[in-house]
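The values are calculated or read from the model by the stated rules, or taken from the named source; none is laboratory data. Keep in mind that what you see is a predicted model, and the values were worked out from it rather than measured. All Cβ positions, even for glycine, are placed from backbone atoms using ideal geometry, and neighbour counts span all protein chains on display. The protein model used for the area step is the full one, side chains on, heavy atoms only, and it has no ligands, DNA or RNA in it. Shrake-Rupley method; radii C 1.70, N 1.55, O 1.52, S 1.80 Å.
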Amino acid sequence: MIERDQVLHVARLARLRLTDDEVDRMAGEMSKILEHVEKMSELDLDGVEPTSHVVELQNVLREDAPRGSLPRAQALDPAPDVAQGGFRVPSPGQG
Amino acid sequence: MTDLLSLNAAAQAGLMRNGELSPREAFDFWRARAEEDELGAYLWVAEAAPEDVGDLPPVAVKDLFCVEGVPSTAGSRILEGYRPPYTATSVRNLQSAGAAVLGKTNQDEFAMGSSNENSGYGPVQNPWDRSRVPGGSSGGSAAAVAAGAAPWAIGTDTGGSIRQPAALCGIVGLKPTYGAVSRYGMIAFASSLDQCGPLTRDVTDAALLFRHLVGRDRCDSTSVEYPEPVRLPSAERLDGLSFGVWGLEEEGLDRAVADVIRGTLGTIEELGGAVEEIELPSARQGIAAYYVIAPAEASANLARYDGVRYGPRSGDGDLDAMYEQTRHDGFGDEVKRRIMIGTYALSSGYYEAYYGTAQKVRTRIAEDFRAAFKAVDFVVTPTSPTVAFELGERTADPLAMYLSDYFTVPMSLAGIAAVSIPAGLCDGLPVGLQIAGPAFSESRVLDAAHALEKAIGFEGVPRA
């Protein structure tokens, strides 16, 4: 069972504001989904190696040569607020 | 002009190459069809053919593919108004081959969903029955092709998002082997699973589009050189090929859907193929593992939507307050759910129990398929446990929605090739058959699918 305070902790980690109603609903839905996830324990996984990648690739290397990147103006263009050639954000505050 | 609606994309390309059809005329025809769409399949339609329109029919592109200067929101309000400064490699490859971008298609937000109801821009209706969902997450691409509002389309498949909507709309959908197609410029959902592929009217079109999509891309280090030229399918028989059937006795499978699939197994045998039942002992845990791995990766990929670099910004106060309010306002319910599940599964103290365990289940499922492909050439299953369901039917129950991908998720976790083709109708709604093969076996899978398609003779003409 996921409790309200766990939901609030995880939402904080995810930088996601949830309304009170959403916190309650999320607690119930997360509990139900995680209950289904417990089905994994039906398998005996002793000694099984985890798969992090399905294609057998190792050490994909490239030449360490400089190449062009997006011009600054183009990279800034979709941003909601820019100043002095950078992204402008509110003050980080006291934290 | 020839009635383009009656031709598959490959035939149209043939006419263009022979000079019997002008690419611009073809583009304008399809542009008009896309403009007339009433199903909600499109989020944006091109205004005119590009200067350099080539001799492939134009392609409808799922919204999550970045196209330079064209709205690309992945179906999310958090990217409203975003016009990327660059184009996805897969789309660029198609443009180079001669296929212009016809439009951007509606989808579940960030490809999270199986009904297209999670789009931030409204649902899509199924052209076979407008009160039903087209499937998802590539629901707009599937509906557009099925309704004749696009000659062909691309989508992405993470746990079934090409195959399931293709099945529910009565068209062909191919999920390629992981790594076959570059993911560069695809707005990411779950990076170890996402793969771009075609949604088409028939198997030949799927092969033709796939041929132009594959290739290693230096911008995606998980992409690989496709090991052989992609062949266009020609088989009409299945002699000497064996098909391992899985899943017909599964609890959630609709009996009527199972009957249609059983009929198709009979067709396989009539064509000379051998059919046997097989077991995939760990596949039943696929959904459980998937709903750890995909949300975990999504929670990391979606951290970038914070109101700084693109999309709208909301909230006042300090930086954290801005992040939290922007994400609250911009993300829909399902995306929030997955971010929460994923963040929880990756949080301190839970990582090993959830993500670590899920990655082990993934190994077991991949081993199941390796064992199966020692005994048979292909694995066949129903694509979806049910036909298209009613709009609104499953929105209140996330888990019921997740189980729509029961038969498609195992192949995604194993990274192998799988196609869905129409197998027939059940109460007037299409049923899809899934054919899976080992990694990089697309040419063989599509050849078998081609023989079956000819024998099934599915009439893909929806009501709407």
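In table form, for the structure just shown:
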| item | result |
| --- | --- |
| The listed residue being open to solvent by less than 10 Å² (accessible area, probe 1.4 Å), out of contact with any Phe, Trp or Tyr (no Cβ under 9 Å at 6 or more places or on another chain) and in the same structural domain as residue B:100 (by TED's automatic domain parsing), out of B:32, B:41 | B:41 |
| Every residue from the stretch A:53-67 that is surrounded by 10 or more Cβ atoms within 10 Å (Cβ to Cβ) and either out of contact with any helix residue (DSSP H, G or I) (no Cβ under 8 Å at 6 or more places or on another chain) or small (Gly, Ala, Ser) (or both) | A:53, A:55, A:57, A:60 |
| Filter result for the condition that a residue is open to solvent by 10 Å² or more (accessible area, probe 1.4 Å), under 20 Å from the mean Cα position of the chain (by Cα), within 14 Å of chain A (Cβ to nearest Cβ) and modelled with pLDDT of 95 or more, over B:398, B:438, B:410, B:422 | B:438 |
| Filter result for residue B:365 (open to solvent by less than 10 Å² (accessible area, probe 1.4 Å), among the β-branched types (Val, Ile, Thr), part of a helix (DSSP H, G or I) and modelled with pLDDT of 95 or more) | yes |
| Considering residues of the stretch A:58-77 that are within 7 Å of chain B (Cβ to nearest Cβ) and at pLDDT below 90 only, the residue farthest from residue B:358 (Cα to Cα) | A:62 |
| In the stretch A:27-52, residue most open to solvent (accessible area, probe 1.4 Å) [restricted to those that are closer than 19 Å to residue B:281 by Cβ and assigned to a helix (DSSP H, G or I)] | A:42 |
| Residue B:109 being surrounded by fewer than 24 Cβ atoms within 10 Å (Cβ to Cβ), outside the structural domain of residue B:323 (by TED's automatic domain parsing), among the charged types (D, E, K, R) and under 19 Å from residue B:161 (Cβ atoms) | no |
| Test for residue A:7: is it modelled with pLDDT under 95 and open to solvent by less than 80 Å² (accessible area, probe 1.4 Å) | no |
| All strands (runs of 3 or more DSSP E) inside the stretch B:137-230 with 2 or more residues being open to solvent by 20 Å² or more (accessible area, probe 1.4 Å) | none |
| When residues of the stretch A:10-26 are limited to those that are outside any loop (DSSP other than H, G, I, E, B) and closer than 13 Å to residue B:344 by Cα, the one most open to solvent (accessible area, probe 1.4 Å) | A:12 |
| Complete set of residues in the stretch B:95-137 that are among the aromatic types (Phe, Trp, Tyr) and at positive phi | B:110 |
| Residue count for the stretch B:191-220, restricted to those that are within 12 Å of another protein chain (Cβ to nearest Cβ) and out of contact with any strand residue (DSSP E or B) (no Cβ under 7 Å at 6 or more places or on another chain) | 8 |
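Each row is one residue, and each column tells you yes or no for (1) of a type in the set (Asp, Glu); (2) closer than 30 Å to residue A:71 by Cβ; (3) touching a strand residue (DSSP E or B) at 6+ places or on another chain (Cβ under 8 Å); (4) in contact (Cβ under 8 Å) with a residue 24 or more places away in the chain.
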residue: B:48; (1), (2), (3), (4): no, yes, no, no
residue: B:53; (1), (2), (3), (4): no, yes, no, yes
residue: B:76; (1), (2), (3), (4): no, yes, no, yes
residue: B:106; (1), (2), (3), (4): no, no, yes, yes
residue: B:114; (1), (2), (3), (4): no, no, no, yes
residue: B:125; (1), (2), (3), (4): no, no, yes, yes
residue: B:128; (1), (2), (3), (4): no, no, yes, yes
residue: B:141; (1), (2), (3), (4): no, no, yes, yes
residue: B:153; (1), (2), (3), (4): no, no, yes, yes
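This table checks each residue for (1) within 30 Å of residue B:397 (Cα to Cα); (2) touching a Gly at 6+ places or on another chain (Cβ under 9 Å); (3) charged (D, E, K, R); (4) at pLDDT below 95.
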site: B:80; (1), (2), (3), (4): yes, yes, yes, no
site: B:94; (1), (2), (3), (4): no, no, no, no
site: B:108; (1), (2), (3), (4): yes, yes, yes, no
site: B:116; (1), (2), (3), (4): yes, yes, no, no
